[in-house]
Every structure is written in structure tokens, then in C-alpha cells.
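Each remark here refers to the structure printed beneath this line.
The values are calculated or read from the model by the stated rules, or taken from the named source; none is laboratory data. If you're wondering where the values come from, they're calculated on a predicted model, not measured in any experiment. Here the Cβ is made from the backbone with ideal geometry for all residues, glycine too, and neighbour counts use every protein chain on show. Protein only, heavy atoms only, side chains kept; ligands, DNA and RNA dropped before computing areas. Shrake-Rupley method; radii C 1.70, N 1.55, O 1.52, S 1.80 Å.
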Amino acid sequence: MGVTPIRPGQLAGVPLGRGPAEPIIEIDHVSQVFKTSSRRDHTALSDISLSVEEGAFVSILGPSGCGKSTLLYIVGGFVSPTSGTAKMKGKAITGPGPDRGPVFQEFALFPWKSVLGNVMYGPLQQGMKPGKAETRARALIAMVGLTGFEKFYPKELSGGMKQRVALARTLAYGPEVLLMDEPFGALDAHTRTRLQNDLLEIWERDRKTVLFVTHSVEEAVFLSDKVVMMSRSPGCIREVIDIDLPRPRRREELLLDPRYQKYIVDIERMFDDSGDNELPS
């Protein structure tokens, strides 16, 4: 599993010195330019090339405004790149699709549907019979630890519970890739830690490909196989760091592991070297 920056002259998805890779996501020389309110051009991303192998857990990390979320939205098909291409399993991404499941900080649950109704929505839209959709939804609700809350509505749930529902709803329609944009950023520290642990347990079970945007160095190191460190605006890939830590991961064990501490210290220093005044969370 892994993600590899593509060097000049290198075929997309074929890392130098290795045999042919089988990427699920290919980003080839992608740049993104937006028009500001004053009609000036703002370059959010500059010449991004990346190859992500199937089953990898990859975090995208960098200062505010470096284009992390924009890159995720391009892979999701919500934004079309100004130049370059993004592909999913060899096919150009032209819009959102059920093969890519977004889980964003804004929970985006249907307020008029119960927990069960929210999680059933995707399978029903895909044509699954109601009985089978309910069985699948209840299994996922149990997996995210919300058994007993099936009839609750979003307004009756805490922030952490809403995010669990959002994750279950996304998993319900079976995407191959999870696109997660700071999904735990608005939660308190205790809830955030619990959901990080839950996410890793789910990932260990299913091994879906995950692209995870975060401001938190600790979160990126704890969760990921690879960390893609981006520069400040205009965003480009500064470095890709292999996180060589054992799995399954246990936080209490990692806190005693000097390798874990070194990853955090070294990546924190990259923030300091970036010239960005905002400290990572």
C-alpha cells in the first residue's frame, strides 16, 4: 500500500525503481486557479502529481490555504481542475460517483430522516430492496457503535454521533475510496480520539482506500501509511513521508514509541519551515 509523488519523466503510477504499481487514483500535473471576488486569479494548486494505490490510508497535511480540500474535491469530482487530469481506476474523473464516498466536517445528514433512514438512503437509491437495505444499514449502525439510536433524528445527536452516522451512511453504498475532509475537526479532543480509533478499526476490517485531509500532525501520523506534506499557497507537494509504524495501532503503545514521536517532531518542523505563522492543530 502507498502513495507516490510522480517525478519528472516518470510514467504516472509507476514509481522509479519498482515494478508496475496498480494505482486506484492518479493525479497528473493538476493545477487549480480560481477567480477571486476582485476577478483576479488565485492559484490554489500548482502542478500536483500523485499516485495512490488501492487500500492505502493517506493523509494530506499542510498549512491553511494550501489547497488540501481543493485536491480532495477534485478527486471527488466536485471541482474540475484548471489543468491536468485526475483519474479513478484509469478513467478520467468527470463528476461525483458512488465509487468515491465523501465524509466532510459538515455532517450533511438529512434532518428529516432518522439515523436508520439516513444510512438506508444510499442503498435504496441504488435500487436495493428495502428489507436488504435495512439489514445493511443496521449492521453499519452497529459497527459505528450506535445500536439503539436507529430512530433518533440528527438534532437529537451529539457532534460525534452525527459523524458516526455520516460515516455509516457513506459506507452503506459501498464506495471504493473514502474522501475525508477534516471529519473530526469540529469535535472535542476526547470524541476526536475515539473516532480516530473507530475509523482505524473499520479501515483494518475493510481496507478501503482513504484520502484524509487534516490540520493535525498527530492525527495524520496516527492514522496513515503515508503523509503527503503540502507547501503553503500555491499548494504543491513538498514531501511524502512513509509512516513505518506497526498495525493495528494502539495509541497507548505509540506514545511510548520513539519513532512515533520523531515523526511528529519532524513533520511539525516542516510547518515551521514553511513560513506559515499558523501552528498546526
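In this structure, does LEU157 turn out to be open to solvent by less than 70 Å² (accessible area, probe 1.4 Å), outside the structural domain of LYS89 (by the TED database) and farther than 18 Å from GLN105 by Cβ? In short, no.
Would you say GLY145 is over 22 Å from HIS215 (Cβ atoms), modelled with pLDDT under 90, under 16 Å from the mean Cα position of the chain (by Cα) and not hydroxyl-bearing (Ser, Thr, Tyr)? No: the conditions fail for GLY145.
Filtering the range 203-215 to residues that are open to solvent by 10 Å² or more (accessible area, probe 1.4 Å) and farther than 14 Å from MET270 by Cβ leaves GLU204, ARG205, ASP206, ARG207, LYS208. Within the range 135-158, residues that are under 17 Å from LEU199 (Cβ atoms) sit with their Cβ atoms under 8 Å from residues that are open to solvent by less than 60 Å² (accessible area, probe 1.4 Å) and small (Gly, Ala, Ser), at 6+ positions apart or across chains, in these pairs: LEU140/ALA168; LEU140/ALA172; ILE141/ALA168; MET143/ALA168; VAL144/ALA168; LEU146/ALA168.
Total residues in the range 234-249 satisfying the condition of being more than 21 Å from GLU201 (Cβ to Cβ) and open to solvent by less than 70 Å² (accessible area, probe 1.4 Å): the figure is 6. So which strands (runs of 3 or more DSSP E) stay within the range 40-115 end to end and still have 2 or more residues that are among the β-branched types (Val, Ile, Thr)? Qualifying strands (runs of 3 or more DSSP E): 41-53, 57-61. In the range 76-108, the qualifying residues are those that are among the small types (Gly, Ala, Ser) and open to solvent by 30 Å² or more (accessible area, probe 1.4 Å), and the one that is modelled with the lowest pLDDT is ALA108.
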